[in-house]
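Worksheet: one structure, shown below.
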Amino acid sequence: MKKRWLRRCEFTRKLTRRDLKLVKKLILSCDHADVNLKVSNMEAKAGTMQLEDYFEFLSPEDIRVKGTRIGIEHILYEYIHVAKTPEQIAQQFHTVTLEQIYATILFYLHNQETIGKYVEDWLEYSLKAQAEQDQNPPPFIAKLCQLKGQKQPSAS
């Protein structure tokens, strides 16, 4: 089922004026000084740039921002679940430009069902892996926890 969503998404969608209006709405909620410059750059690219050009599709479970090692799930998690602004996300991920963040959000807005499922699956996997590691920590982590417990200062 995970592999089918890749075929259903429209990755070849070009940036349209409607897309740019959505981005502008997002931008209006921000107060960053050079945001208008970013919109102008996106408008200039609207005729030739395709939305898929911002991403590398390594597998159906691994979509990354092109030129970085950042998966779109990390950006979308911060945007959707933590409610960070694109500018705050850009400060957190130094290798991603504000334009790439807006492109990721726009990609999500165009494919909410499939990309929402993608992020949901990633989050479910992450929580499951964390719970498994908490129950069965690697030997070196168990040893560190044991040493930390022995070196706790006594309350006198």
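The values are calculated or read from the model by the stated rules, or taken from the named source; none is laboratory data. Computed from a predicted model, the values in this text were never measured in an experiment. As a convention, Cβ positions derive from the backbone with ideal geometry for all residues, glycine included, and neighbour counts pool all protein chains shown.
What's the total number of residues in segment 80-89 that are in a helix (DSSP H, G or I) and either over 19 Å from Leu51 (Cβ atoms) or modelled with pLDDT under 95 (or both)?
As a first pass, look at segment 80-89 and keep what is in a helix (DSSP H, G or I): 80, 86-89.
Remaining after also requiring either over 19 Å from Leu51 (Cβ atoms) or modelled with pLDDT under 95 (or both): 80, 87-88.
Counting residues in segment 80-89 that are in a helix (DSSP H, G or I) and either over 19 Å from Leu51 (Cβ atoms) or modelled with pLDDT under 95 (or both) gives 3.
Can you run down the residue pairs with Cβ atoms below 8 Å, 6 or more apart or on separate chains, where the first is in segment 114-128 and under 11 Å from Pro60 (Cα atoms) and the partner is surrounded by 12 or more Cβ atoms within 10 Å (Cβ to Cβ) and acidic (Asp, Glu)?
Sorted first by the residue in segment 114-128, then by its partner, the pairs are Tyr118/Glu61; Tyr118/Glu73.
For segment 89-101, which residues satisfy the criterion of being surrounded by 16 or more Cβ atoms within 10 Å (Cβ to Cβ) and not hydroxyl-bearing (Ser, Thr, Tyr)? Working first, answer last.
Restricting attention to segment 89-101, the residues satisfying the condition of being surrounded by 16 or more Cβ atoms within 10 Å (Cβ to Cβ) are 89-90, 93, 96-101.
Scanning segment 89-101 gives Ile89, Ala90, Phe93, Val96, Leu98, Glu99, Gln100, Ile101.
Which residue is nearest to Asp121 (Cα to Cα), if the candidates are limited to segment 59-73 and must be of a type outside the set (Val, Ile, Thr) and surrounded by 19 or more Cβ atoms within 10 Å (Cβ to Cβ)?
Here is the first cut: in segment 59-73, the ones of a type outside the set (Val, Ile, Thr) are 59-62, 64, 66-67, 69, 71, 73.
Those left that are additionally surrounded by 19 or more Cβ atoms within 10 Å (Cβ to Cβ): 71, 73.
On the way: Gly71: 13, Glu73: 10 Å.
Out of the qualifying residues, it is Glu73.
Output yes when any residue across segment 120-141 is part of a helix (DSSP H, G or I), under 13 Å from the mean Cα position of the chain (by Cα) and aromatic (Phe, Trp, Tyr), and no when none is.
Initial filter on segment 120-141 (part of a helix (DSSP H, G or I)): 120-135, 139-141.
Remaining after also requiring under 13 Å from the mean Cα position of the chain (by Cα): 120, 122-123.
Checking the rest, the ones that are also aromatic (Phe, Trp, Tyr) come to 122.
Taking every residue of segment 120-141 in turn, at least one turns out to be part of a helix (DSSP H, G or I), under 13 Å from the mean Cα position of the chain (by Cα) and aromatic (Phe, Trp, Tyr).
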